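Here is the structure we will look at.
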Amino acid sequence: MRLSYLGRRIMVKVPLYINGEMRQSESNEWLDVVNPANQEVLAQVPLATDSEIDEAIASAKETFKTWKDVPVTERARIMMRYAALLKEHHDELATIICHELGKTFEDAKGDVWRGIEVVEQAANAPALMMGETVENVARNIDTYSYMQPLGVCAGITPFNFPAMIPLWMFPMAIVCGNTFILKPSEQDPLTPMRLVELFEEAGAPKGVLQVIHGTKHQVDRILDEPSVRAISFVGSCGVGEYIYSRGTANLKRVQACVGAKNHMVIMPDAKKERAISNLVGASVGAAGQRCMGISVAVFVGQSKEWINELKEEFTKVRPGVWNDPEAAYGPQTSPQAKARILSIIESGKAQGATCLIDGTDFVVEGYDKGNWVGPTLFTDVTREMDLYKEEIFGPVLACICVDTLEEAIQIINESPYGNGTSLFTACGAAARKFQHEIEVGQVGINVPIPVPLPFFSFTGWKGSFYGDQHTYGKQGVRFYTETKTITARWFEDDIATGPNMSINLR
Ligand code: NAD
């Protein structure tokens, strides 16, 4: 079955992808995939049955037997073709994201592009998979190591980056020689399914990638399956903790990138306009649904006087639908997500914070059923408030004022999260102190959302990450491989005589 997407034919039933075939699930349980700007039902996604999951696992196990021996150069060439195809279909993928998640077109394009960059990195697998060698560790003995694939790996992805986050996972795992089972977010599965079609078109053999849909029960099945060796999870803290505990208890490798509460520190020597415009984009951009978005602004010293200008800039931000070129961001993913954000905003008011701009009643004209939350700005926020403690995941910014950089660093270091942070300053010494002392895994200096490009790894710390090896980059390769160390002795009197004229290693 070939899928067609928006603008051609609306797909009603999202298929599973098992053993290289798009196939309709036999499940009796289906969930609606909804456009969050108007509640239009775009498709239905199944909760895969146990036997469908078992089939996917069996196919992944079987395919691994041959896929692991396909030369790494051939595996890498598939990634080169895949990156080219993704670029060719870039705008189409972005449009699917706009429909099922409500992102603006520009933002959706960024979601696709940051995923393509990981595929480009996966195409470097021959270099990334190099082991280590020491010659003559003892007389006539050499020791060298290889990085070999693990087997069947799995990935469970969140709603907020339906292109980028699946692409963080399966290309790296598969190029390393593993087979992979993807369980995408049930909220926006159309984008991942299009990624899968293009992967097949790039030449990926059947069985290297499987897709099953579902929620907790389907994930549990993967967590308890002995042949699944490694699980990559991205999502909320509670679910991540559960997956990490159950997965590791079942002796699997698990990497879980989870929730966040990211602070931006604004020094009084920073360029005011630059700091404020970056703060606005980083806090309310993507409707605040970014794990690296900024939710707390820490104003140091006199910079607190800029809060009035920040308020003015917030009043200019106008959410809207995906194809409105003036729209700053789109709706929240679901009515439930919106309700949760509104209740945290109300708790902020009740607990004594000052709400400078209140986005609770915001509606986009003509889209009154959309899950809209307008930009919301609070000051006089304390660390005891839910507004500060909870990951809001909405377009809400809390401002805190302190006297010194030391105080700002202390506040951030006492936060249980450690995904991202940034400092705006013109002072190199302040920047160096901040980057050295801050207990956060991804630090921006005059960069508001410091998501590393994929030749580095995505290195959340503390309560924002459970595991040892991080996602993508060199750590991603280590996560998906096992190191084999070989110690070899060869004896000179075994050397055969007779010429070999060929230069060809094959
Ligand atoms: P979520 O935890 O609700 O869902 C993530 C995935 O887990 C989905 O595929 C979902 O079906 C599955 N799931 C949900 N409940 C489950 C359960 N009880 N047992 C097993 N599986 C379950 O997260 P979300 O709302 O889709 O995404 C938003 C969250 O993701 C935010 O907390 C955000 O910070 C986080 N996130 C983190 C990063 C990062 O890199 N640290 C990146 C993106 C998003």
Calculated FRET value between SER343 and THR483, using beta carbons and R₀ = 45 Å, to 0.05: 0.40
Length released on extending from GLN24 to GLN435, taking residue separation times 0.36 nm less the Cα-Cα span: 142.9 nm
Full-stretch length increase - SER236, ASP220 - with 0.36 nm per residue and alpha-carbon distance subtracted: 4.1 nm
Hits among aspartates and glutamates - C-alpha to C-alpha of LYS349 under 17 Å, sequence gap 8 or more where chains match: ASP358, ASP361, ASP380, GLU384, ASP386, GLU390, GLU391
Mean separation of Cα contacts under 8 Å, 6 or more apart, over the residue count of the stretch 367-436: relative contact order %: 24
Distance in nm between pseudo-label sites at LYS13 and MET501 (7 Å out along the Cβ direction from Cα): 6.2
The stretch 4-126: relative contact order as a whole-number percent, Cα under 8 Å and 6+ apart: 23
FRET E, pair ARG246, ASP493, Förster distance 56 Å, beta-carbon r, rounded to 0.05: 0.50
Debye, to nearest 20: dipole size of the chain, +1 on Lys, Arg Cβ, -1 on Asp, Glu Cβ: 720
Inter-label distance for THR404 and GLU365, nm, one decimal - labels placed 7 Å from Cα along Cα-to-Cβ: 5.3
Helix-derived mean residue ellipticity, 222 nm - over the chain, DSSP H n ≥ 4, -39500 (n - 2.57), to 500: -11000 deg cm²/dmol
Footprinting exposure proxy for SER59, SER227 (fewest neighbouring C-beta atoms within 10 Å first): SER227, SER59
Top positive-direction residue, dipole computed over the stretch 134-216 with Cβ charges, set THR191, ILE181, MET164: ILE181
Length-normalised contact order of the chain in % [C-alpha pairs under 8 Å, at least 6 apart]: 17
Förster-model FRET efficiency, 45 Å R0, ALA426 and GLU132, C-beta, rounded to 0.05: 0.55
Where labels lie 7 Å past Cα in the beta-carbon direction, separation of LYS272 and ASN38 in nm: 4.3
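Rule-based calculations on the coordinates, nothing more; no lab input. Values in this document were obtained by computation on a predicted structure and should not be read as measured data. Virtual Cβ from ideal backbone geometry, glycine too; neighbours counted across all protein chains shown.
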